Each structure stands twice: as structure tokens, then as C-alpha cells.
Ligand code: FAD
């Protein structure tokens, strides 16, 4: 039987962007309907993205740390891998968080409608038999993995990030196609579990968005862990009974086809904007599926907002959350807008790579008059005591004002450390503010204060 719902705010998609918008709008006293096609809330991030990947990366870290301890006098036996138990642990983590969201939605009386929603007009959406009439809408439809036309379909040896997280088996030889964050994180997991992992990347460095010096330190550390083929592309995949035969072209291409047991395709994500019949609501969607918005996250149709992956790069959960809050606040009548000075990016690899604000690459492109100061972890007591000195901390300052405009870290725990730099950028701190902040000793965070001191000229005697 058909059903009709009238709501002040409908949110399409319950990922980090969508649930944040819905919860904030409900907290502000609005009547909210949240539409989600999946059976659980949380979107890509909680179900098949950030959270399950970090649960598996935790497993990988423990394995790697245990192995590494052998050189400091503690030897554990070879790890016994029980894939069913690892999968169950990952699913438990995901279940705990998605159930938590159910509770938070109920507590706020957010009406959750399960099904795939499409616009039928400027104020109406259809979800199965249910017609929803709304005053305001927030499109938070997210993104999905890009597939490549020349890669065979329906072969379960060829997987995307969702398939990799299912952890069906540990392949002997695995090719990660695409050296971005997602590919490297999943490669880290499979390598720790026992696969021989090769990574092929079309660009001349892994993680092309990050500064070259950061990536260089990561790549050097991992040269023993992965076979890395830069400036190289896959041009063909032949699926045979005994394996997948891959042909490469480019600077580091093997001469003959190489056999792999599994291929993880991690060449980026595409927005879901083209799947919503947005034109029926008058909302413009570009040819790639992105929806253009202003600083208040409004589309070209004033009462319809869009947030998260569907509005563009960087496709990150915390960006979607921030935008979700702003969109809800604007709908409730607040004069807020979205203009962060920096959105942190973190590759939870080993070592981690993290950056926020302006990268050196961007500063050069934008003609910003900047200076960078770097503190090498070879001089950090905590890094030495942790036997992880490959990292460094870099701060980027505006040359005239000495205000911090960016920062990047490569090393263990870089993602956790980055918060201090993000806050400093947002607060408009200058080098002296950071240098005069007393950092606890011995911490890796000290390297942030020390990089600022180097910039100020108070440290000159580094190794
Ligand atoms: P999504 O999370 O994509 O959610 C959109 C939701 O909308 C989906 O649940 C979808 O089912 C639903 N939907 C779409 N269309 C409709 C419709 N018409 N009707 C009803 N429902 C609909 N980001 C980080 O910040 N940190 C990380 O560590 C990180 N790790 C990642 C690891 C992996 C393997 C992947 C794939 C991604 C990772 N990301 C990470 C990216 C992060 O998951 C996304 O940026 C984030 O989920 C985007 O949030 P969103 O709300 O825009 O959309």
C-alpha cells in the first residue's frame, strides 16, 4: 500500500554527511526524514570504508609490530591467521557503530525510511511505494568505486575496496591497481596477512595529492614490503584458470604479462549524483555526477542542499560531517557557511602519511610566498625509542606573516598528530605560537614544536 510522508527536511543518504545533517537538523528542532538504501546506517564510511579498513589495519599493525620486536630481543611465533575470526571482529566493530547510529536516530525521533530515493519534483521524492513531500532536502548520496572497462567483470578474483574488506582469502600474489590511499591501506592489510603485494600507479609517485617528500619517505620505507611500479599502467587483464595475467605499459612495466591470484582495483571513486533523477527537482548535476554548491551548501535550487562525496574532492568522511552540520544549520535559519582553512587527509598506512592546509605543491601552483621547516624524526627521542625514525614533520608558513598555512607528517601516528597542526592553521597561529607551546616529552608531537623552533631559528644543530 502506498504511503505518504510530509517532512520539513529530507536527507537522501545516511553516510557520515547524511546522518550528521539529519541529527543536527533534529537537534535544532526540525522534523527530519532520513532515506537510506542500505539496510544499515553509516554509508560507505561505517559499512565498507573508514571503519572496517581501520579494524583490519589494526590487525596488520599488531602483526608487523610483533615481527619487528624480534630485533629488540622479543620473538613471537609465526602468526596463525584465522580469517573467520578476523572477519567476525571487523563485522563486530562495524555492527557496534551502525547500531549506535540507529539508537541516535531513534533518540532524536529521526524518521528513517529504508529504500532508494529519487526526486519526482522540486518538493517530492519517491522511495518505493512511499511519497515524501519536503520543504528542504539534503542530498548526501555519496560515491562508489570506479571500474575500468578493460578489466573482466564477474570474476571474483578481481575486487574493489568492498571486496577487499570481505577478506575472503589471502591471495599468494596480489596486484593493487592504483597507488592512492585506499589501495595502499588495503595493500598494507593483505601484506601483513601474508600476500605478496605489488602496486601499480600511473603517476610518478604514490598518493599523487601529497607532497613528494612525504611520499618519498613512505616509499623508501616500503621498498622491501611492496613491489612498486610507478609511471606504469595496466593495459590488459586476461583471466585464465590458473590466474589473472596482467599486461603493463610504461616506465617500470614488466616485459611479459605477470600472473596474479587477485587484483584489487582502487583507481578512485565516482559520485552518485547522476542516479537520483535530480533534474526532476531542477538540480544541476555535472557530467561526472558531481553537484555544484555554494558556501552554504545550497545547490542551484535554493531549498535543496548537497554535501559529502557527491559535491567533490576531497572525498573524506570528516569533510562530509562538517558539511552536514553546516547544511542543517543553514536550513534552520542560521547564517553559517562552510569555509575551513584546512581539511586533513590521512593515509593510515605504515608509516602513516598525513597533511592539512596547503601542501607545498599547492603553494607553488597558487604562487603563495611560503617557507617550509622540517624536523627529522632521526632526532626525536620518542621515534628512536620506538625504532621508527623514518618519519619527519613539516610545517609550511606564510613567508611574510609567519602564520602557519599547512603541515604534513610521515611516520607512525601521523594522523593523530595532525590535529594540532589543523587547529593551529584554523586559529591563525604563527611560528612563535607553536614554538612557545610546551609539548610533552618524549612525544612525537614534540616534533611540531621543534619544526616551528627550527623555522624561528632557535635550533640549528640537527643531525
Ligand atoms: P557515503 O558514505 O557514500 O554514504 C552515502 C549513502 O547514501 C550510502 O549509504 C548509499 O547507500 C546512500 N544512497 C545513495 N543514493 C541513495 C538514494 N538515492 N537513496 C537512498 N540512499 C542512497 N574517509 C575518511 O575520512 N577516512 C578514512 O579512513 C576513509 N577510509 C576509507 C576506506 C575505504 C575502503 C573507502 C571506500 C572510503 C574511505 N573513506 C575514508 C571515504 C569515506 O568513506 C567517504 O568520504 C564518506 O563515506 C563519504 O560520506 P558521504 O556521507 O558523502 O557518503
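Where a number appears in this text, it was derived from the coordinates with a stated rule and is not lab data. Every value quoted in this text rests on a predicted model; they were computed, and no experiment measured them. In this analysis, Cβ positions are derived from the backbone assuming ideal geometry, glycine residues included, and neighbour counts consider all displayed protein chains.
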Exercise for the section: Per DSSP H run of n ≥ 4, the term is -39500 (n - 2.57); total these for the chain, divide by its residue number, and report the mean residue ellipticity at 222 nm rounded to 500 deg cm²/dmol. Expected result: -10000 deg cm²/dmol
Handout entry: Overall Cα dimensions of the stretch 199-239 - principal axes, largest extent first, Å
Key = 36, 22, 11
Problem - Modelled FRET efficiency - R0 41 Å, residue 212 with residue 240, Cβ distances, 0.05 increments - result: 0.60
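Given a Förster radius of 45 Å and the C-beta distance between residue 84 and residue 341 as r, what FRET efficiency does 1/(1 + (r/R0)^6) yield to the nearest 0.05?
Once rounded, the FRET efficiency stands at 0.50.
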Completion exercise
The FRET efficiency for residue 231 and residue 400, from their Cβ-Cβ distance with R0 = 35 Å and rounded to 0.05, is 0.40
Handout entry: Pair residue 122, residue 426: separation of 7 Å Cα→Cβ label points (nm)
Key = 3.6 nm
Fill in the blank from the handout: The whole-number value in µm²/s of the Stokes-Einstein translational diffusion coefficient for the stretch 1-139, with Rh from the Kirkwood sum over alpha carbon pairs at 10 °C and 1.306 mPa s, is 92 µm²/s
Practice task
Note down the Stokes-Einstein diffusion coefficient of the stretch 392-463 in µm²/s, whole number, using a Kirkwood radius over alpha carbon pairs, 10 °C, and 1.306 mPa s.
Solution key: 131 µm²/s
Fill in the blank from the handout: In units of 2.2 N^0.38 Å, the Cα radius of gyration of the stretch 201-332 is 1.46
Problem - Proportion of all alpha-carbon pairs of the stretch 70-218 beyond 25 Å (%) - result: 56 percent
Handout entry: Modelled label reach - residue 107, point 7 Å along Cα→Cβ, the stretch 30-64 residues with backbone N closer than 17 Å
Key = 30, 41-42
Handout entry: Between the stretch 384-439 and the stretch 208-241, the alpha-carbon center distance in angstrom
Key = 27 Å
Problem - Antiparallel content of DSSP bridges confined to the chain, in %, to 5 - result: 55 percent
Problem - 18 Å cut-off, amide nitrogen to a point 7 angstrom out along residue 279 Cα→Cβ, residues in the stretch 295-330 - result: 300-301
Handout entry: Projected label distance in nm at residue 384 and residue 64, using a 7 Å step from Cα toward the beta-carbon
Key = 2.3 nm
Completion exercise
Site residue 99, offset 7 angstrom along Cα→Cβ, radius 16 Å on amide nitrogen, limited to the stretch 26-65, gives 40-42, 47
Practice task
Grab every C-alpha pair in the chain, bin the distances at 10 angstrom width from 0 up to the longest one, and report whole percents.
Solution key: 4, 18, 26, 26, 19, 6, 1, 0
Fill in the blank from the handout: Taking alpha-carbon centroids only, the stretch 280-328 lies from the stretch 160-191 a number of Å equal to 30 Å
Handout entry: Cα principal axis extents for the stretch 324-463, largest first, Å
Key = 54, 33, 30
Handout entry: Gain upon complete extension [residue 148, residue 92; 0.36 nm per residue less C-alpha separation]
Key = 16.9 nm
